[in-house]
Each structure stands twice: as C-alpha cells, then as structure tokens.
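Following: one structure in structure tokens, then a few remarks.
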Amino acid sequence: MKRVSMIVSGRVQGVGFRYYVEDIALGMNISGWVRNLSDGTVEIDAEGEEDKLKNFVRTITNTKKGFIQVSNIVVQDKEVFGYSHFTIRRD
C-alpha cells in the first residue's frame, strides 16, 4: 500500500475535473479524496496498491479531455492513512 498527495494545475476547476478524478479512482480501486484549492489548483490525496497508484498518477498527469487540461502535477509521497473510499471534498 502506498499514499501520495498531488497538486494539479492547468484548466482543472469548473470543468468537471474532480468528478473525472473520482471516476478514475473508483475504476482503479484507489481511495482518498480530491478538492479544489483557492489558488485554482486541485489537491488529490490518494492511496492504493503501488502499481495501481502509479497508473492513477500517470493517467491524471496525461489528462487532456474536453475542457480539462492538466499542465503540471507535483507528487509527494505520504505515510499511508487507511482511507476506505474515494470522495470529493468541498471544504
């Protein structure tokens, strides 16, 4: 099990990006959360099996779908938390 925190920039707010991330996470059996930040970026905190998590990060990094345009992603390893599901946070 592995956990990462990501800050994603580009055209990622107001374009359905959080819902897109949630769909990908659910499909890959990734747990954690996603939320918008006040500076226009999106934060993702995710954990799962290492191979699945690497694929998740790669998929997010290469996203150019409709109005969504990921231009940069910063990934930081974290200590595993033990999330049970994936959610969209609105805080």
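A few points about this structure:
- At q = 0.20 Å⁻¹, base-10 log of I(q)/I(0) for the chain (Debye sum, equal scatterers on each alpha carbon): -0.87
- Each label point was placed 7 Å from the Cα along the Cα-to-Cβ direction; for Asn72 and Asn29 their separation is 3.5 nm.
- In the chain, helices alone account for a calculated mean residue ellipticity at 222 nm of -8000 deg cm²/dmol, with every DSSP H run of four or more residues adding -39,500 (n - 2.57).
- Folded to 0 to 90 degrees: helix 17-28 orientation relative to the chain principal axis, Cα: 30 degrees
- Net length available on complete extension from Lys65 to Ser5 is 19.4 nm, with 0.36 nm assigned per residue and the Cα-Cα distance removed.
- Segment 1-40 pair-distance distribution - Cα-Cα, 10 Å bins, rounded %: 25, 57, 18, 1
- Sparsely packed trypsin sites (Lys or Arg not before Pro) within segment 5-91, loop by DSSP, other Cβ within 10 Å at most 12: Arg89, Arg90
- Note on segment 29-44 and segment 51-91: Cα centroid distance 7 Å, given to the nearest whole angstrom.
- Annotation for the chain: GluC sites (Glu not before Pro) lying in DSSP loop with at most 10 further Cβ atoms inside 10 Å of their Cβ are Glu79.
- The mean sequence separation of alpha-carbon pairs under 8 Å and at least six residues apart, normalised by the residue count of the chain, gives a relative contact order of 46 percent.
- Cα-based helix-to-principal-axis angle, 50-61 vs the chain, degrees rounded to 10: 0 degrees
Where a number appears in this text, it was derived from the coordinates with a stated rule and is not lab data. Not measured: the values here are computed from a predicted model. Positions of Cβ are backbone-derived with ideal geometry, glycine not excepted, and every protein chain shown enters the neighbour counts.
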